[in-house]
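Accompanying notes for the structure given below.
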Amino acid sequence: MNEMPTRAQARAQEKSAGPSVARHGRLKRHHPFKTLAVLFVSLLAVVGVSTAGVAAYATYDVATSLKPAVKLVDAKGKVVTPGIGAMDGAFNVLLAGSDSGGGNKAYGDRGENLNDVTMLLHVSADHKNATVVSFPRDMYVPIPSCPDGKGGTYDAMSRQKINNSLSYGGLACTVLTVEKLTGLDIPYAGVIQFDGVIEMSNAVGGVNVCVAGDIKDPYTGLDVKAGENTLQGPQALAFLRTRHGVGDGSDLGRISNQQVFLSSLVRTIKSADTLANPVKVYALAKAATSNISLSESLNSPTTIASMAMALKNVDIPKVVFVQYPNHYEGDGVAPTKDAASTLMTALQNDQPVTLTGDTGVGSEAAPGAATQAPADPATQAPATQAPATQAPTDGSSAGAGDGSSVQLPSDVHGQTAAQVTCSKPFQD
């Protein structure tokens, strides 16, 4: 396997080849780490505790389990310090999943610390819609100048795979990279490693997923049978990490496979069985904070709880998981500019989005999904129903700021948390 060049070598390559040539990322790993938006789930969990005594202890214990905070900066190098207190208006949170294994020897030597998952949560100003954007790990993007942690900066790079941003300049660099790509301000962020996935799945007693056929992936150790499977612990992690076992064996198939898990996890978290159970709620919050390195802006139970209050009011059909628009290019993928502009303009204007395409190459609709209602049928639409108000079919942003929905192009993949989907086994 080729090693990723040093920063000095990368800059030399760019200078010698001209301004249009970028540093090459290293070849794909056989065991890249893929995780889930457990940070977003933990936000829901913190405020769900119904017993005062348990809540008081949980607040203290969760606070003491917080990892050392990570400092974020804006494009000018100024430290990001959003206010602490009630969460007003729209907000954005970035979650990076590290493939380093968190020091657990059971995962082996992972080498460099890559963000093999990068997800952005946008919650609307009225707290009625939440959009989670997954960025493919092999997508080529510009990486801006990033702080080096010693008061200096690393040079910008014109074209590099996004999953190198974490190893290049830490969490702050990943945030700056996604801000440059999306045009959104991201004041909150966190990094999670392998152990966090295992503990979160254990905390809810397992996550039910549908599998359209048997999947056995020797690379991750995943072994599931067709039908319904309750996953927790190492099997939950293996399910989220698998690439070779689903869809076309690509990272894009893995994203849609992860959304099968994520949508089920959201339905599980939002169910009365979880939110009314103080033990489960506390276990969720503890598992998340013990395994996530948070930005300084988010490293506060008060901030997490205020976000949770906003997320708690989002109905399940209004939670949309979407893959950042892209297309294959060389040994990776590149942003599909027009579709990406439609998506990002909608989020910048604080508009909800409506999916018109399929769920992606790694998943498919579950049999009878349209009649399978999530936990609270009174507030949730059928799996195939779109929001009542939609923007013009050309994806324009008419009605920006008034809450009308922007219809995404059909080549943009994803699903809502209300959709019940199944993972598709790998097919040549």
Exercise for the section: Tell me which residues, restricted to segment 147-166, are touching a residue at least 60 places away in the same chain (Cβ under 8 Å) and under 17 Å from PRO335 (Cβ atoms). Expected result: MET157, SER158, ARG159, GLN160, LYS161, ASN163, ASN164
Fill in the blank from the handout: Residues of segment 128-146 being outside any strand (DSSP E or B) and either under 24 Å from THR359 (Cβ atoms) or touching a residue at least 40 places away in the same chain (Cβ under 8 Å) (or both), in sequence order, are LYS128, ASN129, PRO136, ARG137, ASP138, PRO144
Problem - Residue check, MET309 touching a residue at least 24 places away in the same chain (Cβ under 8 Å), over 17 Å from the mean Cα position of the chain (by Cα) and within 28 Å of PRO187 (Cα to Cα) - result: yes
Exercise for the section: Kindly indicate whether any position in segment 257-266 is among the hydrophobic types (A, V, I, L, M, F, W, C) and within 27 Å of GLY183 (Cβ to Cβ). Expected result: yes
Exercise for the section: Can you confirm whether segment 147-155 contains a residue that is assigned to a strand (DSSP E or B) and aromatic (Phe, Trp, Tyr)? Expected result: yes
Practice task
Scan ASN202, ASN208 and give me the residue that is open to solvent by 40 Å² or more (accessible area, probe 1.4 Å), over 12 Å from CYS422 (Cβ atoms) and not acidic (Asp, Glu).
Solution key: ASN202
Problem - segment 313-338, residues that are over 25 Å from LYS424 (Cα atoms), of a type outside the set (Asp, Glu) and surrounded by 16 or more Cβ atoms within 10 Å (Cβ to Cβ) - result: VAL314
Problem - Residues of segment 292-306 that turn out to be open to solvent by less than 20 Å² (accessible area, probe 1.4 Å) and either under 9 Å from PRO68 (Cα atoms) or free of Cβ contacts under 8 Å to residues at least 12 places away in the same chain (or both), as a count - result: 2
Practice task
Please find, within segment 270-295, the residue that is farthest from ASN113 (Cα to Cα) out of those that are among the hydrophobic types (A, V, I, L, M, F, W, C) and within 16 Å of the chain's Cα centre (by Cα).
Solution key: ALA288
Handout entry: Cβ pairs under 8 Å, 6+ apart, first in segment 167-179 and over 16 Å from GLY151 (Cβ atoms) and of a type in the set (Gly, Ala, Ser), second buried (at least 24 other Cβ atoms within 10 Å of the Cβ) and at pLDDT 95 or above
Key = none
Fill in the blank from the handout: Selection over segment 391-425 where residues are at pLDDT 85 or above, surrounded by 16 or more Cβ atoms within 10 Å (Cβ to Cβ), touching a helix residue (DSSP H, G or I) at 6+ places or on another chain (Cβ under 8 Å) and not aliphatic (A, V, I, L, M) yields a count of 10
Completion exercise
When segment 314-340 is checked residue by residue, the ones that are more than 15 Å from VAL353 (Cα to Cα) and hydrophobic (A, V, I, L, M, F, W, C) are VAL333, ALA334
Practice task
Hey, could you check segment 242-273 for residues that are charged (D, E, K, R) and assigned to a helix (DSSP H, G or I) and say which is surrounded by the most Cβ atoms within 10 Å (Cβ to Cβ)?
Solution key: ARG254
Practice task
Answer with yes or no whether SER165 is at pLDDT below 85 and surrounded by 22 or more Cβ atoms within 10 Å (Cβ to Cβ).
Solution key: no
Problem - Yes/no for GLY89 being farther than 28 Å from LYS161 by Cβ and at pLDDT 85 or above - result: yes
Problem - Conditions (1) within 20 Å of THR268 (Cβ to Cβ); (2) modelled with pLDDT under 95; (3) of a type outside the set (D, E, K, R): number failed by VAL320 - result: (2)
Practice task
Find the residue count for segment 129-162, including only residues that are more than 24 Å from LYS78 (Cβ to Cβ), of a type in the set (Phe, Trp, Tyr) and surrounded by fewer than 23 Cβ atoms within 10 Å (Cβ to Cβ).
Solution key: 1
Fill in the blank from the handout: All-but-one check, LEU298 against (1) under 19 Å from the mean Cα position of the chain (by Cα); (2) outside any helix (DSSP H, G or I); (3) farther than 30 Å from TYR140 by Cα, failing number (3)
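The values are calculated or read from the model by the stated rules, or taken from the named source; none is laboratory data. Just so it is clear, the model here is predicted, and its values are computed rather than measured. We place every Cβ from the backbone using ideal geometry, glycine too, and count neighbours over all the protein chains shown. All accessible areas refer to the heavy atoms of the entire protein, side chains included, with ligands and DNA or RNA removed. Shrake-Rupley method; radii C 1.70, N 1.55, O 1.52, S 1.80 Å.
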